[in-house]
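Just so you know, all these numbers are worked out from the coordinates, no wet-lab data involved. Please read all numbers here as calculations on a predicted model, not as lab measurements. Here Cβ is always computed from backbone atoms with ideal geometry, including for glycine, and neighbour counts include all displayed protein chains.
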Amino acid sequence: MPHTIRVEPSGHRFEAAPDESLLDAALRQGLVLPYGCRNGACGSCKARLLNGQVTYPGETPDGIEAGEAEAGFALLCQARTAQDLVIEVNEIHEAGELRPERLAVRVRGLERLNHDVMRLQLQLPRDRRMQFMAGQYIEVITREGRHRAYSLANPPHDDGALELHVRFVSGGDFTEHVFGGMREGEVLQIQGPLGQFTLREASPNPVVLVAGGTGFAPIKGLLEHAFHVGTTRPLHLYWGVRARRDLYLPALPEAWAEARPNFSYTPVLSEPLAGDGWDGRTGFVHDAVAADYPDASGVDVYAAGPPVMVRAVRDAVVDHGLPEARFHSDPFEWGIPEEK
C-alpha cells in the first residue's frame, strides 16, 4: 500500500510504495528533488524528516553521518517508508538551479541510426549520476580542450546513461571521430547539465513541438518526460527534414501516436526523393505549423534545430498570435564550434 509524502515548504505531495526509494517515487511523479550519486554516498539528496520515520535496505548510507540521522535527516535516494511522511527539502523548479559539473564517462554504445546520425550512449561512473532536466544539453570536451554541445535525448528518470544523437559534420573533429575511430569503452570528459530548454509544466496550454533534423533529440527527452509524469495536455510534434531517410527514428513517434490519445505527430519533408513514396506533408515545417495553427494564441511552442528553422517557426507562430514569452527554443549551430 503506498504512503503519502508531503514536501515542505512547497506543500506538494507524492506517493511512495514501501519497496521504492523516496527519490524514485518523487521523480516518477514529476517532483524534481536534488540528488547526485543515487547510491547513498554523496549526500546531495539529504532531507529533514519533519514527521515520520524511514528505513534503509541495508546499513545507514555513507552519505549521512550518525549525528545527522539522529537530528532527523535522511537520504532520499535510499530511504524507504512504511508510513506517511512530511519532509523538508527544496524542490528544483528551473534548470538554472542545477549546478553543472565535469565528469568522466565511458562510451557504452554506438548505434548508426541512419546515413548521418549516430546514437551515442555514455555510461556514467557507478558512484555518480548527473541530475538534469529534460531538454538540457551537455558539452563534450575533446582532447584538445574544445567544447562540443549535444542535447540529451533521454529523460531524467532514465539517467543511468546519457543518450546523444550525433549528426555527422564534415570537418568536425569530434563527429568525424564518432563516425570513424570511436570504440565502446573509450573515456570522454563531459560538462553539464546546461541550457534552459525545458518544459514549463505549470502551463495548462496545449504544446506544439517543432524539431528540425537532430533537434528531435531534446524534444524526444521532453516528450518522454511528459509521458512519464502523466501530462494530459495535447502534445503535437512536427519533425521537419529533407527526405524520408532523415527521419532517423521514424517508428518511435508513430508508436507514441498510436499509444497516447493526447499526442499527434506530423513529419514534414522539404525535399522528398523520387524513391521515397511520400504521401505526407511537404514543404517547410514552419509553414505546416502555421497552416495547422492559424490562431496560435492558446498554445505553447518549443522549437529545436537549425537557427534558420527556429527563427522561421518563431516568426510564423508570433505572426499568428503567439505571445513571444510562450516560444521556447534551442537553436543548433551546424558548424565546427557547435555540433549539436
Mean shadow area of region 96-194 over all directions, Cα convex hull, nm²: 6.2 nm²
Separation between the Arg143 and Arg183 pseudo-spin-labels, each 7 Å from Cα along Cα→Cβ, expressed in nm? 1.3 nm
Prolate/oblate/rounded call for region 181-340, Cα gyration tensor, a/c under 1.5 rounded: rounded
Evaluated at 25 °C with a viscosity of 0.890 mPa s, what Stokes-Einstein diffusion coefficient in µm²/s does region 3-88 have when Rh comes from the Kirkwood expression over alpha-carbon pairs? 196 µm²/s
If you fit an axis through the alpha-carbon atoms of helix 216-228 and take the longest principal axis of the Cα set of the chain, what angle between them do you get, 0 to 90°, nearest 10? 40 degrees
Separation of region 190-211 and region 281-305 by C-alpha centroid, Å? 17 Å
Based on the Cα coordinates of the chain, what is the per residue volume of their convex hull in Å³? 142 Å³
Does anyone have the angle between helix 307-319 and the longest principal axis of the chain? Alpha-carbon axes, 0 to 90°, nearest 10? 90 degrees
For region 274-323, what Kirkwood radius comes out of the mean inverse Cα-Cα distance, in Å? 11.8 Å
Could you tell me how many cubic angstrom of Cα convex hull volume region 46-113 has per residue? 208 Å³
What is the sum of charges, Lys and Arg at +1 and Asp and Glu at -1, for the other residues whose Cβ falls under 11 Å from the Cβ of Arg48? -2
When the Cα centres of region 154-186 and region 252-276 are compared, how far apart do they sit, in Å? 25 Å
